Every structure is written in C-alpha cells, then in structure tokens.
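See below for the structure under consideration.
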Amino acid sequence: MFLWILNPIFGKLRAMSKELHQQRNKEKAKYVELQAWMPRYGSSNHGQDALEYVVGKKPNLVVDFGCGRNNFIEALKTEGVKGIGVDFVYQEADIVAPMHEIPLENDSVDFVTAFDSLEHLLAEDVGLVLEEMKRIATPQADFCFSISYVSSNILVRNENLHPTVKSEYWWKQKIKTIGDTSSMGKYLIGTFK
C-alpha cells in the first residue's frame, strides 16, 4: 500500500550503500598499492608506549583494530598476554577483515586497542567501528586508542591516508557513545559502557 513511498527511500539507501562499498574498496586499494612501493609501511608499533599499561590491566584477550603488521600483538605475546590483530590488508594480521566486520563473538574480548588506525577509516565508518568494538567487548572492558589528528605525510594516488582528520574533541565525542574516556599522554583510554 505504501510501497510507492518506501521504494524511493530504499533506492537511496541501496545507492548510498553501494557508494560506501566503493569508497571502502578505493581505500583498501591504496594500502595494497602502498605495500608494493613502501614494504615497511604498517610495521610501526604505535602502541609500544601503552604496552605496560595494557599488560598491567591483566587482560585475558586483547584485540588490536588496524594492527598493520601485528607488531603490538607480537609484543603483548612476549609479555604472556593473548591477543588478536585485525587488519583489512596485511597478511601478518591474525584476522584479515575490515574493522567494521570482525568475525568474533559478542562479549568475547576484555581489552580493545587501536593505535593510529581509526583516522584511516572513512568518516562514515567511524561509528560502525566503535559499535563493533563495543559488540565484541565484555561489559566494562578496557580500551586504549591513539589517533592522529593531522593529515598523513604519505600520499597514495595524491590522496591522504587519513580520510578522517578531526580534532581530539571530535574523536572524544564519538568515543563517548561507546564508553567513558580520558587521556593518558598521547592515548585515549577508558572502559566500554
């Protein structure tokens, strides 16, 4: 009866979904291309200075979103902490998947990290990824993030690697939707609601 009203709405949603999928593929292609001419990219351990903090929380399982070549998780393992690195490109990750679709069960992780990876998301995906983090986290699980608030120095196809360059305030407001946060040096730490 009301299909004539809903059809244009569904058509717009499908078009938006297709466009977002294309944008995601374009971003992924940048990193695939980057590996060819800059093979060390993704090898930095941006979580190194947070290692003691994370280990001190005595987590059972840490998931690192946007792990790159998985250096942080490898460092955790040397400290006797179990971890899983997730990245959408790098084969060194334990799980190769986009950050908004992590193949882990609900309430299965008690610590979530993301070091210099969230700014690599499309702005449209930031909320989805934060909700995915909350989904896999146990109630009151901890998190620790570092986020670059400036453009990347590296360009691929004359495009910045940080599609979401926003202020610290903007990021804190987004993170408040999933948990309480405070600052610890260059890191944003907190617990999920």
Inset, instruction - Determine the equivalent ellipsoid of the range 76-134 by diagonalising the alpha-carbon gyration tensor, then write out the semi-axes as square roots of 5 times the eigenvalues, largest first, rounded to whole Å. - result: 20, 14, 11
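Run the helix sum for the chain: -39,500 (n - 2.57) per DSSP H stretch of 4+ residues, divided by residue count, reported at 222 nm to the nearest 500 deg cm²/dmol.
-12000 deg cm²/dmol, from helical runs alone.
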Legend entry - Distant-in-sequence amide H partners of Met184 (H built 1.01 Å from N, under 5 Å): Ile189
Legend entry - Span from the the range 59-98 Cα centroid across to the the range 162-182 one, whole angstrom: 22
Legend entry - Dipole axis of the chain (+1 Lys, Arg; -1 Asp, Glu on Cβ), positive-most option in His46, Ala114, Thr177: Thr177
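About the Cα centre of the chain, what is the dipole size in debye to 20, counting +1 per Lys and Arg Cβ and -1 per Asp and Glu Cβ, all else neutral? Walk me through the numbers before you get to the answer.
On the way: 22 positive and 25 negative charges, 101 e Å.
Result for the chain is approximately 480 debye, rounded to the nearest 20.
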Legend entry - Gyration tensor (alpha-carbon) shape descriptor, the range 38-120, a/c threshold 1.5: oblate
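In percent, what relative contact order does the chain have, based on Cα pairs under 8 Å that are 6 or more apart in sequence?
Details: 307 pairs, mean separation 31.5, N = 193.
About 16 percent, as a whole number.
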Legend entry - Cα gyration tensor shape of the range 17-78, rounded if a/c is under 1.5, else prolate or oblate by comparing a/b with b/c: oblate
Inset, instruction - At 18 Å minimum axial length over the Cα atoms and a Kyte-Doolittle cut of -1.0, report the qualifying DSSP H helices in the chain, or say none. - result: 3-37, 123-136
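How charged is the neighbourhood of Asp107? Take every other residue with its Cβ under 15 Å from the Cβ of Asp107, and add Lys/Arg as +1 and Asp/Glu as -1. Intermediate results must be reported in sequence, preceding the final value.
Values: positive: Lys134, Arg135, Lys193; negative: Glu105, Asp110, Glu131, Glu132, Asp142.
Summing Lys and Arg as +1 and Asp and Glu as -1 gives -2.
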Inset, instruction - Divide, for the range 37-186, the radius of gyration over alpha carbons by 2.2 N^0.38 Å, where N is the residue count. - result: 0.98
Legend entry - Straight-distance crosslink candidates among aspartates and glutamates, where the alpha carbon sits under 12 Å from Lys26 and sequence neighbours closer than 8 are dropped: Glu159
Inset, instruction - Please list Arg157, Arg69 in order of solvent-accessible area, largest first, computed with a 1.4 Å probe with all protein chains present. - result: Arg157, Arg69
Inset, instruction - Would you kindly give the portion of the calculated P(r) for the range 97-189 that falls above 24 Å, as a percent of all Cα pairs? - result: 20
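The values are calculated or read from the model by the stated rules, or taken from the named source; none is laboratory data. Small disclaimer: the values here were computed from a predicted structure and weren't measured. Every residue, glycine among them, receives a Cβ derived from its backbone with ideal geometry; neighbour counts consider all protein chains shown. Just so you know, the surface numbers come from the protein's heavy atoms only, side chains and all, with ligands and any DNA or RNA stripped out. Shrake-Rupley method; radii C 1.70, N 1.55, O 1.52, S 1.80 Å.
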